[in-house]
1. What accessible area per residue comes out for segment 50-177, rounded to a whole number of Å², with a 1.4 Å probe?
2. Could you compute the FRET efficiency for Leu39 and Phe91, with r as their C-beta to C-beta distance and R0 at 35 Å, rounded to 0.05?
3. In segment 95-124, which residues have a backbone nitrogen under 20 Å from the label point lying 7 Å from Arg68's Cα in the Cα-to-Cβ direction?
4. Please state the charge dipole magnitude for segment 86-160, taken about the Cα centre, from unit charges on C-beta atoms (+1 on K and R, -1 on D and E), reported in debye and rounded to the nearest 20.
5. List the residues of segment 89-123 whose backbone N lies under 19 Å from a point placed 7 Å from the Cα of Asp54 along the Cα-to-Cβ direction.
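The values are calculated or read from the model by the stated rules, or taken from the named source; none is laboratory data. This structure is a prediction, so every number in the text was calculated from the model and none was measured. Ideal geometry is used to build each Cβ from the backbone, glycine not excepted, and the neighbour counts take in all protein chains shown. Note: accessible area is taken over every heavy atom of the protein model, side chains too, but ligands, DNA and RNA are not part of it. Shrake-Rupley method; radii C 1.70, N 1.55, O 1.52, S 1.80 Å.
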Amino acid sequence: MKMKTNIKFLSITAILFLTIITASKAQDVAQVKTNDWRLGVGLNLGTTTGDAGDAYGLTLGGDLKLQRDITESLSGTLTTGYTNFFLKDKFVGKDLGYVPLKAGLKLFPTKGFYISAEVGAGFGVQKNFGTGFLYSPGVGMAFAKNYDISARYEAVNFKNDFTLGQVALRIAYAFSL
């Protein structure tokens, strides 16, 4: 069952990337901007899904997202931070956490609204988890020049076939560099 779920999410992520790449190729060369750089500082609040959903409830994290405009409607991103999965009261054990390192794209089909896709690695804080494959599709709104709010699904598949998944809301402020 886990394998079918993982394949489904990987397929969705691949389709999203292909859509973004196709849309970016269709952009006119005259639309290339000045390659603006921004650094976003975000707060993430979510709820667990998948394997983690039984024992873990809320998720809380912070991140730094470096973003560079490629065209007026496409940006590249690099993201890192920390995400904590809080153990539910009725379970014995410890919270789980990981440090994500992701690269991705943000496609802006209309002004302000975007579709994003990121892939990378999740570095487990607990020694028995190691490093896992991470993928994260999402949607969001950039507004008032420096503010960003988004929703995303994010999952890390660790080598022991355990998936930490979450649906999260991100609120961020971006600084121009």
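1. With the other protein chains kept in place, segment 50-177 gives 48 Å² per residue.
2. 0.40
3. The answer is 101-108, 116-121, whose backbone nitrogens lie closer than 20 Å to the label point.
4. Dipole size: approximately 40 debye.
5. Within reach of a label on Asp54, which here means backbone N under 19 Å from a point 7 Å along Cα→Cβ, segment 89-123 contributes 89-97.
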